[in-house]
Amino acid sequence: MTRVIITSNANETMLVGQELASEILENEVDRSIIIFLEGELGAGKTTFTKGILKGLDYDEVVTSPTYNLVQIHETKNYRVFHFDLYRISEPIELEEIGIDEYLNEAKSLSIFEWPKNGDVSLPSPDYLIEISYKDNSENDNRELTIS
Ligand code: ADP
Ligand code: MG
């Protein structure tokens, strides 16, 4: 099932992330959940991730993991691995940091920005969120497609 949502500011995009978190909490999934976030630079991938974390009751500051590849956040229900693969040049770099251990951890959420850079080193996701600029750049509208 695919959903398309238009947001007109960062808060609305966060809210969509919060709703996804609520859905995951309600389903009481206890395996590892994989989320791919696709979209250009500045589309709102990190903003959406902040929404997911807010929805998991996490109230510490969330920054982009661009320089560390992954940031780990302990929330009440899930351990969240927030990956940003923007700067990796080969999928093998993921093997080198032990990606399988992250992906096999029960009750965890692995969120990937720029998942295409991980290519063959990543399984297919449970959720794919594609974020794009909507109506040129005259406004802050984004189109979010969740599948
Ligand atoms: P990315 O991680 O995709 O590079 P960020 O989430 O870091 O993008 O940045 C998105 C920027 O766009 C933020 O400065 C945010 O405030 C702004 N913004 C404006 N409108 C929106 C919107 N509708 N959804 C998400 N972010 C928006
Ligand atoms: Mg980002």
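The values are calculated or read from the model by the stated rules, or taken from the named source; none is laboratory data. Keep in mind that what you see is a predicted model, and the values were worked out from it rather than measured. Heads up, the Cβs are rebuilt from the backbone with ideal geometry, glycines too, and the neighbour counts pull from every protein chain shown. The accessibility values were calculated without ligands, DNA or RNA, using every heavy atom of the protein model including side chains. Shrake-Rupley method; radii C 1.70, N 1.55, O 1.52, S 1.80 Å.
Taking the stated definitions as given, is I97 away from ligand 2 (no atom under 13 Å from the Cβ) and within 16 Å of V120 (Cα to Cα)? Considered against the rule, which asks whether it is away from ligand 2 (no atom under 13 Å from the Cβ) and within 16 Å of V120 (Cα to Cα), I97 comes out as yes.
If you go through the stretch 124-140 and pick out every residue that is modelled with pLDDT of 95 or more and not small (G, A, S), you end up with 7. So, in the stretch 132-145, how many residues would count as being within 23 Å of V29 (Cβ to Cβ) and either surrounded by 17 or more Cβ atoms within 10 Å (Cβ to Cβ) or small (G, A, S) (or both)? Of the residues in that region, 1 qualify. Of all residue pairs spaced 6 or more apart or on separate chains, those with beta-carbon atoms under 6 Å, a first member in the stretch 69-85 that is under 25 Å from D119 (Cβ atoms) and among the aliphatic types (A, V, I, L, M) and a second member that is within 11 Å of ligand 2 (Cβ to nearest atom) and in a loop (DSSP other than H, G, I, E, B) are L85/W114. Among all residues of the stretch 86-98, there is at least one that is within 16 Å of ligand 1 (Cβ to nearest atom) and in contact with a Ser or Thr (Cβ under 8 Å, 6 or more places away or on another chain). Annotation note: Cβ proximity below 6 Å between a residue of the stretch 44-67 that is modelled with pLDDT under 85 and a residue that is part of a helix (DSSP H, G or I) (sequence gap 6+ or interchain) occurs for V62/K50; V62/L53; S64/T46. Any chance the stretch 111-128 includes a residue that's out of contact with any Phe, Trp or Tyr (no Cβ under 9 Å at 6 or more places or on another chain), without any contact (Cβ under 8 Å) to a residue 24 or more places away in the chain, away from ligand 1 (no atom under 16 Å from the Cβ) and open to solvent by 20 Å² or more (accessible area, probe 1.4 Å)? No: the stretch 111-128 contains no residue that is out of contact with any Phe, Trp or Tyr (no Cβ under 9 Å at 6 or more places or on another chain), without any contact (Cβ under 8 Å) to a residue 24 or more places away in the chain, away from ligand 1 (no atom under 16 Å from the Cβ) and open to solvent by 20 Å² or more (accessible area, probe 1.4 Å).
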